[in-house]
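Working notes, beginning with the structure itself.
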Amino acid sequence: MVRNLHIERQDAEGRHEAITLEEWSEAVGHVDGVRMACGDAAVPNPLTEQIVTLPNRGGDAEVFRKDCERWLRALFWTPDGTVRFAEPEMDGDPVLPLARKLASELNAGIHDDRGETIVSGITPA
């Protein structure tokens, strides 16, 4: 089963501190192998093969996959100030290492849907 992960930032008291779209875009610009995506995502429904369009809220990011020589949309900024992505299923997938770099840029951590910490964030002073 695929686990959903989130890049999230907390203040010194452990309360959610939103990552702004501007901060997210700036962090993406500092990390090689990831870039902001343009336009909406169009993906086939695996059951019906019908193309489904997922709107880009301006914060979707793509990761370069060397194995298939393509940029793939993998990280999704949300208006609540978190960045969501699916835990990679393959060894060597670049998403988690890049998410770690991005979280570091944002002084944030990586957590799963149950609240389990995958990578601790840096607590602001």
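Counting other beta carbons within 10 Å of each Cβ, put Ile19, Ile51, Ile7 in order, fewest first. Walk me through the numbers on the way to the answer.
Working: Ile19 24, Ile51 9, Ile7 28.
If I rank by nearby Cβ atoms, fewest first, I get Ile51, Ile19, Ile7.
Quote the FRET efficiency, to the nearest 0.05, computed for Asn4 versus Asp40 with a Förster distance R0 of 22 Å and r equal to the Cβ-Cβ distance. Spell out each step's value before the answer.
Working: r = 20 Å, r/R0 = 0.93.
The calculated FRET efficiency here is 0.60.
Given R₀ = 35 Å, FRET efficiency for Arg100-Arg15 by Cβ-Cβ distance, to 0.05?
Working: r = 23 Å, r/R0 = 0.65.
In this case the efficiency is close to 0.95.
Please tell me the relative contact order of the chain in percent, rounded to the nearest whole number, where contacts are Cα pairs under 8 Å and at least six residues apart. Walk me through the intermediate numbers first.
On the way: 232 pairs, mean separation 40.8, N = 125.
It comes to 33 percent, rounded to a whole number.
How long are the semi-axes of the ellipsoid equivalent to the stretch 4-119, from square roots of 5 times the Cα gyration tensor eigenvalues, in whole Å, largest first?
On the way: eigenvalues 110, 49, 45 Å².
In descending order, the three semi-axes are 23, 16, 15 Å.
For the Cα atoms of the chain, what angle does the longest principal axis make with the long axis of helix 95-105, in degrees from 0 to 90, nearest 10?
Roughly 30 degrees between the two axes.
I'd like the orientation of helix 21-30 relative to the chain: the angle between its Cα long axis and the longest Cα principal axis, in ° from 0 to 90, rounded to 10.
Value to nearest ten degrees: 80.
Bear in mind these aren't lab numbers, they're just calculated from the coordinates by the rules spelled out. Here the structure is a predicted model, which means the values were calculated and not measured. Please note: Cβ atoms are built from the backbone with ideal geometry, for glycine as well, and neighbour counts cover all protein chains shown.
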